[in-house]
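J.: I'd like to ask you about the structure that follows.
The values are calculated or read from the model by the stated rules, or taken from the named source; none is laboratory data. Since the model is a prediction, treat every value here as computed from it, not as a measurement. Glycine also receives a Cβ, built like all others from the backbone with ideal geometry; neighbour counts cover every protein chain displayed.
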């Protein structure tokens, strides 16, 4: 007789115990939008309702805060988030991560924005356009000796930055040139005396250059931002389009791949540091 495992769909036990994982969607019943993708076992999916009652906003991560805020809005409207299961009876956690990542990539790009703050696991191999794939696999190496600040961008994060202003930061396929510029020019922990020696700023995403600008050295301004219990001075700059030769050297047609190590040895980007000084 087949052994039993918990089925969260009906609150009973079914199926083989060697396939306990599932991937689920949280759906806003007011407009049928998927707003969160998660994976779990047992009744993990039910915890979101409890979280809204037990976790104060100040203790929530950015992702959890957005998700819980959406759930509270639904509750205040007299409704409950709808739960649907994309796949269940998944044998391994690795397989569950793969399904979760695929859905986050596809829904996050082509449907309503998700409250998941990060793309799924192994997203380096996830949803990608033909142009992006060419950039990842065929971009020539960055070889110019022209000095520049390389700025590593993460995945796009919506943010109401009224000080710059801008609607978000990071990188996403299809973003406008203005969005890429605003993502690159603020806010960074830098040495003001060091950056004054570099005339160009280069946006880098997943190891490939995406844009370059000529820095207006008179435009640097700082902002003291309080994060994680301490204040740090972060810098922003303004810039303009550089010459065609500079664009060719740093970006070319499809971007240029930043080598991991410098010619003289040592990593280009330090561990966890989004700023590198080239060459």
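J.: Within the stretch 204-213, is there a residue that is over 20 Å from the mean Cα position of the chain (by Cα) and surrounded by 19 or more Cβ atoms within 10 Å (Cβ to Cβ)?
T.: Yes; the residues of the stretch 204-213 include at least one that is over 20 Å from the mean Cα position of the chain (by Cα) and surrounded by 19 or more Cβ atoms within 10 Å (Cβ to Cβ).
J.: Let me ask something else about it. Looking at residue 52, is it over 19 Å from residue 107 (Cβ atoms), at pLDDT below 60 and touching a helix residue (DSSP H, G or I) at 6+ places or on another chain (Cβ under 6 Å)?
T.: yes
J.: While we're looking at this one, here's another question. For the stretch 164-189, what are the residues that are surrounded by fewer than 21 Cβ atoms within 10 Å (Cβ to Cβ), touching a strand residue (DSSP E or B) at 6+ places or on another chain (Cβ under 6 Å) and outside any strand (DSSP E or B)?
T.: 170, 180, 182, 186, 187, 189
J.: So in the stretch 230-248, with the set limited to residues that are in a strand (DSSP E or B) and free of Cβ contacts under 8 Å to residues at least 12 places away in the same chain, which one is surrounded by the fewest Cβ atoms within 10 Å (Cβ to Cβ)? Explain how you work it out, then say what you get.
T.: As a first pass, look at the stretch 230-248 and keep what is in a strand (DSSP E or B): 230-240.
Next, from what is left, pick out any that are free of Cβ contacts under 8 Å to residues at least 12 places away in the same chain: 230-231.
Numbers: 230: 7, 231: 9.
Here the residue is 230.
J.: With respect to the numbered conditions (1) under 19 Å from the mean Cα position of the chain (by Cα); (2) at pLDDT 95 or above; (3) closer than 20 Å to residue 268 by Cα, which one is the sole condition not fulfilled by residue 182?
T.: For residue 182, the failing item is (3).
J.: Here's something else I'd like to know. So which residues in the stretch 215-229 are at pLDDT below 60 and either at negative phi or part of a strand (DSSP E or B) (or both), if there are any at all?
T.: 226, 227 - these are the residues of the stretch 215-229 that are at pLDDT below 60 and either at negative phi or part of a strand (DSSP E or B) (or both).
J.: I've got another one for you. Of everything in the stretch 249-279, what is more than 19 Å from residue 234 (Cα to Cα), under 22 Å from the mean Cα position of the chain (by Cα) and in a strand (DSSP E or B)? Give them in sequence order.
T.: 257
J.: Among the listed residues 30, 72, 82, which satisfies the condition of being out of contact with any helix residue (DSSP H, G or I) (no Cβ under 8 Å at 6 or more places or on another chain) and modelled with pLDDT of 60 or more?
T.: 82
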